[in-house]
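To start, the structure under review is shown below, and the notes come after it.
Bear in mind these aren't lab numbers, they're just calculated from the coordinates by the rules spelled out. Every value quoted in this text rests on a predicted model; they were computed, and no experiment measured them. Glycine also receives a Cβ, built like all others from the backbone with ideal geometry; neighbour counts cover every protein chain displayed.
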Amino acid sequence: MRITTLSETEINPAIDAAIRKSLCLVFSDDISVFSQTRAWHGSIPSWSHIIEVDGKIIAHVSVIDRHILIGDHPLHIAGIQNIFVLPD
């Protein structure tokens, strides 16, 4: 088992396709989104954390990095999205 953290700039087309394929499998109601992008509601991940076994991505979570305002106060926050663990 290999656990890897990748910044969005390190996601190559093969990794992107593998993640999207699994997202489509796990979230079949959202195939129209995940067959095209990993950006859920337009939010592009800052980092993706993947677990691989025998070269296959079996689990994933991505982190969204944002700066928001609470009133006049800036705040740096993070959120998670696109979590999956393959059923098998």
Cα axis of helix 13-26 to longest principal axis of the chain: angle in degrees, 0 to 90, nearest 10?
90 degrees
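Using the alpha carbons of the chain, what is the convex hull volume per residue in cubic angstrom, as a whole number?
Output value, Cα hull per residue: 102 Å³.
Can you figure out the FRET efficiency of Cys24 with Ile68, using R₀ = 25 Å and their beta-carbon distance, to the nearest 0.05? Working shown, then result.
Working: r = 30 Å, r/R0 = 1.21.
So the FRET efficiency works out to roughly 0.25.
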